[in-house]
1. When only residues in segment 152-171 that are in contact with a His (Cβ under 7 Å, 6 or more places away or on another chain) and either open to solvent by less than 30 Å² (accessible area, probe 1.4 Å) or in a loop (DSSP other than H, G, I, E, B) (or both) count, which is modelled with the lowest pLDDT?
2. Go through (1) open to solvent by 20 Å² or more (accessible area, probe 1.4 Å); (2) in a loop (DSSP other than H, G, I, E, B) for VAL121 and report which single condition fails.
3. Take the residues in segment 297-314 that are open to solvent by 40 Å² or more (accessible area, probe 1.4 Å) and under 19 Å from ALA34 (Cα atoms); name whichever of them is modelled with the highest pLDDT.
4. So which residues in segment 131-151 are outside any loop (DSSP other than H, G, I, E, B) and open to solvent by 10 Å² or more (accessible area, probe 1.4 Å), if there are any at all?
5. Going through segment 40-60 one residue at a time, which ones are under 26 Å from the mean Cα position of the chain (by Cα) and over 14 Å from LEU3 (Cα atoms)?
6. Among the numbered criteria (1) open to solvent by less than 50 Å² (accessible area, probe 1.4 Å); (2) farther than 19 Å from LEU308 by Cβ; (3) in contact (Cβ under 8 Å) with a residue 40 or more places away in the chain; (4) not basic (Lys, Arg), which single criterion is violated by ASP70?
7. What are the residues in segment 24-67 that are open to solvent by 50 Å² or more (accessible area, probe 1.4 Å), of a type in the set (Gly, Ala, Ser) and under 30 Å from HIS317 (Cβ atoms), if any?
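The values are calculated or read from the model by the stated rules, or taken from the named source; none is laboratory data. The shown structure was predicted, so the numbers you read here are calculated from the model rather than taken from an experiment. Note that each Cβ is placed from the backbone with ideal geometry, even for glycine, and that neighbours are counted across all protein chains shown. Please note that ligands, DNA and RNA were not included when accessible areas were found on the heavy atoms of the full protein model with its side chains. Shrake-Rupley method; radii C 1.70, N 1.55, O 1.52, S 1.80 Å.
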Amino acid sequence: MRLAVDVMGGDHGCAVVVEGLKQALSTDLGITEALLVGNQSDIQAELSRAGLSDARVQIVHATEVLTMDDKPLEGIRKKKDSSMVRAIELVRNGKADAVISPGNTGALVAGSMKLGRLDGVERPAIACRMPSRTSDFVLLDGGANATAEPLHLAQFAVMGNLYAQEILGHKRPRVGVLSNGSEESKGNDLTREAARMCSKLDLNFIGYVEGFDLFDDAVDVVVTDGFTGNIVLKTAESLSKTVGQMLKQQLMANPLRKLGAALARGAFDGLKKRLDPEVYGGAVVLGLNGVVIKAHGSARERAIASALRVAAQEIKHNLNQTLVGQIARANSSLASALNPAVAMNS
């Protein structure tokens, strides 16, 4: 597995990425090549500081950096020698199997369109793995498309269903469309038509799901537009951090509580790990002719290592090849449902 890593795009510079890579290389021998894309002198200095001398590591020099303040399309066009663009091109040119970047989300999605969409896919989607009460679920779109059409959401359902099967291990994932209530009368034109389309597909479709359902083991694949999905994702992560801080304050309020906290430290550590977004590392951009992983811009060493692990995992499962066939069947089913004459003539 050959991984192209945008070293310069995150909030913390290349030192964090190099340390994360060091962790990943020590645990995943399946990584045959790590192409670090960015300023050569900066990367070399961090490799030396980290004591990382590995024949699998190579540096690909790039003179520019796409920042969080850059407008996605404008940045991709103007900064052609940015670390992000160069990393994407390594995948497009067959020199890498996946690209991992903690950089500007909009720019990564826009730049990754150079890889081309998989046959039959209308829009790519960011698939975000999130913890539920006893398991995990996948939410998509996590931010690739601020607006979407019903067909896009139906295809997101197909992509999420495959991801939940192959990566999360759910044999028959429960798929739901996110809405403001579970009743059929709820939602808007987008969700109602998307739900109708999903009901025509070969999915374990359970209809609408609402916010109460997401973290209660009630659904395995949550489908929504990127605007809503991104809000859900960031709200959940912020709430998790806030609850953790509030709990810590309460447990440190007096000596008796401190003693109780010490006795229950194992449980608290387990809960912290369960809710820590760094454990998940990165979100997969599904629907593209290549493997693209978006890591958090604020990702630290462990999150980068996890993102590299996510990339390796998707390469191993070869999701794209399977997805092409499933999207083709879904498109055929939807065409027949929308136009009965198609089914009669087929």
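1. Top of the filtered list is ILE167.
2. (1)
3. So the residue we want is ARG309.
4. Across segment 131-151, the qualifying residues are PRO131, ASP136, PRO150, LEU151.
5. Scanning segment 40-60 gives a single hit, ILE43.
6. Of everything listed in (1) open to solvent by less than 50 Å² (accessible area, probe 1.4 Å); (2) farther than 19 Å from LEU308 by Cβ; (3) in contact (Cβ under 8 Å) with a residue 40 or more places away in the chain; (4) not basic (Lys, Arg), ASP70 misses just condition (3).
7. SER26, ALA55
Every residue, every condition in (1) in contact (Cβ under 8 Å) with a residue 24 or more places away in the chain; (2) touching a Gly at 6+ places or on another chain (Cβ under 8 Å); (3) open to solvent by 10 Å² or more (accessible area, probe 1.4 Å), yes or no:
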{"residue": "GLU74", "(1), (2), (3)": "no, no, yes"}
{"residue": "ARG77", "(1), (2), (3)": "no, no, yes"}
{"residue": "LYS80", "(1), (2), (3)": "no, no, yes"}
{"residue": "ILE88", "(1), (2), (3)": "yes, yes, no"}
{"residue": "ASN93", "(1), (2), (3)": "no, no, yes"}
{"residue": "VAL99", "(1), (2), (3)": "yes, yes, no"}
{"residue": "ALA107", "(1), (2), (3)": "yes, yes, no"}
{"residue": "ALA110", "(1), (2), (3)": "yes, no, yes"}
